[in-house]
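The values are calculated or read from the model by the stated rules, or taken from the named source; none is laboratory data. Quantities reported herein were computed from a predicted structural model and do not represent experimental measurements. Cβ: placed from backbone, ideal geometry, glycine included. Neighbour counts: every protein chain shown. Each accessible area value is taken on the protein alone, full model and side chains, heavy atoms only, with ligands, DNA and RNA left out. Shrake-Rupley method; radii C 1.70, N 1.55, O 1.52, S 1.80 Å.
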Amino acid sequence: DRRQRQMCIRDRKTLENEREKERFILESLQDGVILYDNDLSVISINRAGLKLLGASEESGALTVPELARKPEIISGAEKAANEDRTVTIESTVDGRILLVQVFPVSKSGIDAMHGGLMVIRDVTDKRMSEQLKADFFANAGHELKTPLAGIRLLTDSILQTDHMDEETTKEFVTDIGREAERLSRITENLLRLTRLDSGVVQQPY
């Protein structure tokens, strides 16, 4: 009996240590993590999850609807738990864009449960960056047309003129050079943005 009690104490300590490790890992994550059951009752949630959903530990929220307060997130949680499928949602909470992925969870045995695991990530900066890049490339496309049109007009004028004096020729060549320089600057900006986006930064010499 004594040996059995010692084994039980050891097993309990091991279980407590494992749970403590799990809590430490969860609290170290920047992403929000919520584990909930089939009734959408929250089993566990980390601080990041509370923060991203605009809740606090003192809020007393015990269910996903009380925490999320967003129809699309609540609906995604229900679908993952009841329809056994992964759901991905984007939702805006307190001005921040959140990417919410919900995975079905099913566990049999003594600790049987059925529910879902919700992972929440703040993608506001990423979405803003994507929009800025899209706007930049759209504007760059319009900007490229201007010097190209100018160069084409000037070269056509030179080709269509039989006799052009030296001064006029210099003016046309200067204008072409100016448009070519403008085109070069736009192209360099596009290349620089591409390098930054791919993580390749050119070191100065």
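Tabulated data
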| quantity | calculated |
| --- | --- |
| Qualifying residues in segment 169-192 (those that are open to solvent by 70 Å² or more (accessible area, probe 1.4 Å) and more than 19 Å from residue 135 (Cα to Cα)) - the one nearest to the chain's Cα centre (by Cα) | 182 |
| Complete set of residues in segment 51-110 that are acidic (Asp, Glu) and out of contact with any Pro (no Cβ under 6 Å at 6 or more places or on another chain) | 57, 58, 66, 72, 78, 83, 90, 94 |
| From the options 164, 118, residue that is farther than 30 Å from residue 83 by Cβ and not charged (D, E, K, R) | 164 |
| Selection from segment 149-160 of residues that are open to solvent by less than 100 Å² (accessible area, probe 1.4 Å) and of a type outside the set (D, E, K, R) | 149, 150, 151, 154, 155, 157, 158 |
| Within segment 38-122, helices (runs of 4 or more DSSP H) holding 3 or more residues that are of a type outside the set (Val, Ile, Thr) and touching a strand residue (DSSP E or B) at 6+ places or on another chain (Cβ under 7 Å) | 47-52, 71-82 |
| First in segment 63-80 and farther than 17 Å from residue 105 by Cα, second anywhere and open to solvent by 10 Å² or more (accessible area, probe 1.4 Å), Cβ under 6 Å, 6 or more apart | 65/74; 67/55; 67/61; 68/74; 72/89 |
| Filter pass, residue 128 being in a helix (DSSP H, G or I) and either free of Cβ contacts under 8 Å to residues at least 40 places away in the same chain or more than 26 Å from the chain's Cα centre (by Cα) (or both) | yes |
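For (1) open to solvent by less than 60 Å² (accessible area, probe 1.4 Å); (2) hydroxyl-bearing (Ser, Thr, Tyr); (3) at pLDDT 80 or above, each residue gets a yes or a no:
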| position | (1), (2), (3) |
| --- | --- |
| 141 | yes, no, no |
| 162 | no, no, no |
| 167 | no, no, yes |
| 202 | no, no, no |
